[in-house]
1. Is the stretch 104-121 home to any residue that is within 16 Å of ligand 1 (Cβ to nearest atom), under 23 Å from G189 (Cβ atoms), open to solvent by 60 Å² or more (accessible area, probe 1.4 Å) and in a loop (DSSP other than H, G, I, E, B)?
2. Given the condition more than 19 Å from A30 (Cα to Cα), open to solvent by 40 Å² or more (accessible area, probe 1.4 Å) and not in a strand (DSSP E or B), answer yes or no: does some residue in the stretch 365-372 qualify?
3. Which one is nearest to ligand 2 (Cβ to nearest atom), of the residues in the stretch 174-209 that are outside any strand (DSSP E or B), open to solvent by 30 Å² or more (accessible area, probe 1.4 Å) and over 17 Å from Q416 (Cβ atoms)?
4. Could you please let me know if F268 is within 16 Å of ligand 1 (Cβ to nearest atom), touching a helix residue (DSSP H, G or I) at 6+ places or on another chain (Cβ under 9 Å) and under 25 Å from G101 (Cβ atoms)?
5. Take the stretch 314-335 and flag every residue that is in contact (Cβ under 8 Å) with a residue 24 or more places away in the chain and not in a strand (DSSP E or B).
6. Inspect all residues belonging to the stretch 229-237 and state whether any of them is free of Cβ contacts under 8 Å to residues at least 60 places away in the same chain, of a type outside the set (G, A, S), more than 16 Å from ligand 1 (Cβ to nearest atom) and in contact with a Lys or Arg (Cβ under 6 Å, 6 or more places away or on another chain).
7. Just the residues that are surrounded by 15 or more Cβ atoms within 10 Å (Cβ to Cβ) and either over 16 Å from N125 (Cβ atoms) or within 16 Å of ligand 2 (Cβ to nearest atom) (or both), please, taken from the stretch 146-172.
Amino acid sequence: MKVLLIGSGGREHALAWKIAQSPLLSKLYAAPGNPGIAEHAELVLVNVENHDAVIRFCKENLIDFVVVGPEAPLVAGLADTLRAEGIAVFGPSAAAAQLEGSKGFTKDICAKFNIPTGAYQRFNNAPKAKAYVREQGAPIVIKADGLAAGKGVTVAMTVEEALAAIDDCFEGAFGAAGAEVVVEAFLDGEEASFFCLSDGKTLLPLATAQDHKRVGDGDTGPNTGGMGAYSPAPVMTPEMVERTMKEIIEPTMRGMAESGMPFSGVFFAGLMITAKGPELIEYNVRFGDPECQVLMMRLKSDLLPILYASATGTLDQVSAEWSDDPALTVVLASKGYPGSYAKNTQITSIPDASKGAKVFHAGTAVQDGKLVATGGRVLNATATGKTVAEAQAAAYALVDAVSWDNGFSRRDIGWQAIAREKA
Ligand code: AMP
Ligand code: GLY
């Protein structure tokens, strides 16, 4: 099978690494890829925003299957264009990708199909949103409706903070994404991520993970795209997984199909495990980054036929086997992230991969023969162990073996799970 992988982050490096191990693979291309992905794939310069260019590349190179990593091309309808040309693609249609592209859309699906989530209202102007906040009181959550690169959410502990967040949204802090605002009840509990494949009519549960969104140790400081993650999430007991499937994922799949938008691809459900049970915080319609890195480390089965089954409506014919050993990943970021940071700083060495330990590339490039950091989140030191504590020690051994003066990482990824192991 000839495969084109779209994307350039740590998530795509992990997908490329895993797909490259498939006996079904004859050739892997990546657009645009990164220097880590280049170990497993031929990098090609195809402008992913130009759907005609992607189709042309697929036809000229006899591509059998396209795997889309990030959400933006899905929301922009790349999967629809490919399907219309008869090319199999992993990832939902633009209509189904609204589950990530519009928070208001997802809330309406939840309301219609009785899926547990925080009570909410949608607003297209500040005065009405503010009146609702004053009526509800704090804590309360303000969300820009559209894609805002993980930055459009304010968990306001006071009414004043909520009112300011509403002004920010409507004054354009998140561009078009903030033209509509969702005001949502604060959910109290422990967060977890749940990943489940769908082909529109059948589900294949994958695995659970927990991430660390804050930049600083002890979960302090501003939010980021994620500073580290581990899998499985201890709070997702078999009972919680079963409830999540029955109460959240199954009704979403059915509801989307009934609404004429069957969902194929991966449901990445952000959950709050409250006293009442699992409640949906949000959906993403692609793998998490860096959650994907720990999932791929734990997946024992061949990934390629599983993704292909999701794309072609044959998910009932495949299964996925997982290692019981936890995996943990630590993000190395450029100093200053998530604020401004220096670009093109040199990385002089990265430790080699060994069994159960690998550094994935997220924001790197080769310039004048040197490896440099080009992004905020740059490398993902990923390892497995018999316990989360062991996986953490192995991941930090990798972090410490990276030579990069401008890099930093949190030193406590996995702390809640390790505290549980010690208790
Ligand atoms: P999101 O971008 O929707 O994942 O939101 C970012 C973060 O905000 C989540 O990971 C939660 O920590 C927090 N959050 C979002 N919605 C709620 C809510 N209704 N109650 C409490 N925390 C929330
Ligand atoms: N790590 C969170 C995300 O991928 O959205």
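The values are calculated or read from the model by the stated rules, or taken from the named source; none is laboratory data. Quick caveat: nothing in here was measured; it's all calculated off a predicted structure. No Cβ is skipped: glycine too gets one built from the backbone with ideal geometry, and neighbour counts run over all protein chains shown. Just so you know, the surface numbers come from the protein's heavy atoms only, side chains and all, with ligands and any DNA or RNA stripped out. Shrake-Rupley method; radii C 1.70, N 1.55, O 1.52, S 1.80 Å.
1. For the stretch 104-121, residues within 16 Å of ligand 1 (Cβ to nearest atom), under 23 Å from G189 (Cβ atoms), open to solvent by 60 Å² or more (accessible area, probe 1.4 Å) and in a loop (DSSP other than H, G, I, E, B): present.
2. yes
3. We begin by selecting, within the stretch 174-209, every residue outside any strand (DSSP E or B); these are 174-180, 186-189, 200-202.
Still in the running and open to solvent by 30 Å² or more (accessible area, probe 1.4 Å): 174-176, 179-180, 186, 188-189, 201-202.
Adding the requirement that they be over 17 Å from Q416 (Cβ atoms) leaves 174-176, 179-180, 186, 201-202.
On the way: F174: 16, G175: 19, A176: 20, A179: 22, E180: 20, F186: 20, K201: 26, T202: 24 Å.
Checked the stretch 174-209; the qualifying residue nearest to ligand 2 (Cβ to nearest atom) is F174.
4. On the way: within 16 Å of ligand 1 (Cβ to nearest atom): yes; touching a helix residue (DSSP H, G or I) at 6+ places or on another chain (Cβ under 9 Å): yes; under 25 Å from G101 (Cβ atoms): yes.
Yes: the conditions hold for F268.
5. Filtering the stretch 314-335 for residues in contact (Cβ under 8 Å) with a residue 24 or more places away in the chain gives 314-316, 318-320, 322-323, 325-335.
Within the stretch 314-335, T314, L315, D316, V318, S319, A320, S323, D325, P326, K335 qualify.
6. The answer is no; no qualifying residue exists.
7. Keep residues of the stretch 146-172 that are surrounded by 15 or more Cβ atoms within 10 Å (Cβ to Cβ), which gives 146-148, 151-156, 159, 161-163, 165-166, 168-170.
Listed by number, the residues that qualify are G146, L147, A148, K151, G152, V153, T154, V155, A156, V159, E161.
Results for (1) open to solvent by less than 10 Å² (accessible area, probe 1.4 Å); (2) more than 17 Å from L62 (Cα to Cα); (3) in a helix (DSSP H, G or I); (4) more than 16 Å from ligand 2 (Cβ to nearest atom), shown as yes or no for each residue.
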{"residue": "L4", "(1), (2), (3), (4)": "yes, no, no, yes"}
{"residue": "L15", "(1), (2), (3), (4)": "yes, yes, yes, no"}
{"residue": "P35", "(1), (2), (3), (4)": "no, yes, no, yes"}
{"residue": "N47", "(1), (2), (3), (4)": "no, yes, no, yes"}
